[in-house]
1. Select from the stretch B:90-159 those trypsin sites (Lys or Arg not before Pro) which occupy a DSSP coil region and have at most 15 other Cβ atoms within 10 Å, ordered by residue number.
2. Taking neighbour Cβ counts within 10 Å as the exposure measure, how do A:Met110, A:Met311 sort from fewest upward?
3. Would you mind counting up the charge near A:Tyr257? Only other residues with Cβ under 9 Å from its Cβ, with Lys and Arg at +1 and Asp and Glu at -1.
4. Could you work out the Rg to Rh ratio of chain B, with Rh taken as the Kirkwood radius (inverse of the mean 1/r over all Cα pairs)?
5. Mind giving me the FRET efficiency for A:Gln87 and B:Val203? R0 is 30 Å, r the Cβ-Cβ distance, nearest 0.05 is fine.
6. Pull out the extension gain between B:Thr191 and B:Met45, defined as 0.36 nm times the separation in residues minus the alpha carbon to alpha carbon distance; nm, one decimal.
7. Give the peptides B:71-83, B:38-50 in descending order of average Cβ contacts within 10 Å, highest first.
8. Step through the table entries A:Lys113/B:Lys43; A:Lys248/B:Lys50; A:Lys22/A:Lys308; A:Lys57/A:Lys234; A:Lys329/B:Lys105, compare each Cα-Cα distance with 29 Å, and write down the pairs that go over it.
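None of the figures in this text is laboratory data; all of them are computed from the coordinates on show. Please read these numbers as outputs of a predicted model, since none were measured by experiment. So basically every Cβ, Gly included, is an ideal-geometry build from the backbone, and we count neighbours across all protein chains shown.
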Amino acid sequence: MPRPMNFKANAVIYFSGDVSDKIYILKSGRISLNSTDIETGQEIHDYIQTGEFFGVKSALGKYPREENAVVLSDSAVIMFTVPEFEQLASQNTRIIMKMLKVFSNQLRRMHAKVSGLLAEDKQLDPETGLFNAGQYYLGKKRYEQALYAFRRYLTYYPSGRLNAKASEFAQKAEQFAQDYGAGKGPNISGVSTTTEDVSKPDRGRQLSDSAKEFYAAVSVFSQQKYADALKGFKVIAENGTDEEYRIKSLFEIGRCYYSLKQFEACIKHFTGLIQRYPKIPELPDALYYVGQSYQEKGDTARAGGFYKKIMSMSGAGEALLRKVRRAIKALEA
Amino acid sequence: MEMNLQAFERFAVSYPADEIIFCEYEPGDAFYLIQQGRVQISKIMGDIEKTIDVLQPGEIFGEMAILEEAPRSATAITVGPVKCLEFNRANFEILMRGNPAIALKLLKLFTKRIYDQRRRFMILTLDDVQARVADVFLMLNEGQLEPQEETDERVFKTTAEDIAHWAGLSPEETRHVLNHFVSQRRLEVMTDKIVLKNINEFVRFVSSRRKKR
């Protein structure tokens, strides 16, 4: 049975390095998770909100705690064992959903940090990366795999800058697979004279047209061509038939305005978007851009208001919350 | 918790041998649970394809796509014929409600991945290359299922290339450090394994280097 427990101020619920299968939820009071930043050695304080679980990762993953859970003022918590937590979560899968979101954010952040320290792991932009994968397989005479990568490229980047090359190579891969088979055949030089188009249908896993256009625009955005990206997203938002990508595009339009430093337009766009679609998952992010825009315009009071709002929302990811905390600190400074 | 997967048969997809399920850098919108066969997860680095893992039935891959449509960080290729259940955001809700056990399994998978990445990051933040290599051994030791706690000696079935990969160093640099350790009689390097004479001495060595930062 989950057990209610009370802790006095200054008590420590668990210490970094402890191994335990206990998971807690804060009912009332104030608790801080104190840990050390791996890179800088600085102490990090993460305050637990009422109703929030803590100790989940280390208990589920069966590894030592990574922080001290320090009670700041008299607190009431409920303690679960892992099986008890699993039972609760199975009955209320929203809990799992929320945690998956938080965890996947944390994992992405960790990935990025690790890649940042690894020369060999240099992340390419997705467009180049996918094309390179195709080239790699083609060079290794693994034609089926090369064909897959190039077809994907052509699907996602129908007007990509490597489009002509990708078409050529895809065709070569297909032809060589038939003529020679995997692992055989002459080497293919970097340049080819074939101009025929590859138009064989994909294996029934095509993206909708809106999705394709969306990814094309995303790729333009990632090349920091914000004005062009904005045009692309506007076309999808106005004419798109796929509702999911239409709304995604609407969100991206706001980001484009922000990146173009058109803060007034950014605020106006996101405000309209939020009114029309108050339930979009990107809501906290949208509010963040609005706050940032106000800050850029020098309206710190409004900016602060938006940041506070995000802090009180349940849907905000850990990465965003950190950004917001930093922004609040900057305002106070 | 038992996993009842019969209800999910309609999400099953089959692949022939040696087929790409997804390629690194393509946008991801689905994740997979292997039912039959094995799947190789690999990444192209320069002119080599590095195998990160070979997954078995019951294992999940592509899980990063559940909540974000970010590009795939690795390629998934079938080793032999494979049957998977394919989940995307649309049917994920159904999965969650109908089979929380899979959702919990995913949650646990994330905790493990985060821990592994964090541990790796700790290695990479060490400036001293010797401490980095030593810390890789500590990490490998933590991951061994049967702790050999009676003695200070540890045996690792690993190679200089693998250690170089984890330490973020070039193979030459890594071999240089390993040879240095060998000359100090702290290590023995053999063709298929490396023997570490005193794990606790390495623990002290690494922690002293970490504090100095």
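1. On the way: sites: B:Arg97, B:Lys105, B:Lys108, B:Lys112, B:Arg113, B:Arg118, B:Arg119, B:Arg120, B:Arg132, B:Arg154, B:Lys157; in loops: B:Lys157.
Of the trypsin sites (Lys or Arg not before Pro), the ones in loops of the stretch B:90-159 whose Cβ has at most 15 other Cβ atoms within 10 Å are B:Lys157.
2. On the way: A:Met110 20, A:Met311 15.
If I rank by nearby Cβ atoms, fewest first, I get A:Met311, A:Met110.
3. Values: positive: A:Arg255, A:Lys261, A:Lys268; negative: A:Glu264.
Summing Lys/Arg as +1 and Asp/Glu as -1 gives +2.
4. Values: Rg = 20.3 Å, Rh = 19.5 Å.
That ratio equals 1.04.
5. On the way: r = 38 Å, r/R0 = 1.27.
So, using R0 = 30 Å, E works out to roughly 0.20.
6. Working: separation 146, 0.36 × 146 = 52.56 nm, distance 2.45 nm.
Full-extension gain reported as 50.1 nm.
7. Values: B:71-83: 20.0, B:38-50: 15.6.
Top of the packing list down: B:71-83, B:38-50.
8. Numbers: A:Lys113/B:Lys43 18 Å; A:Lys248/B:Lys50 34 Å; A:Lys22/A:Lys308 31 Å; A:Lys57/A:Lys234 41 Å; A:Lys329/B:Lys105 38 Å.
Violating the 29 Å Cα-Cα cut-off are A:Lys248/B:Lys50; A:Lys22/A:Lys308; A:Lys57/A:Lys234; A:Lys329/B:Lys105.
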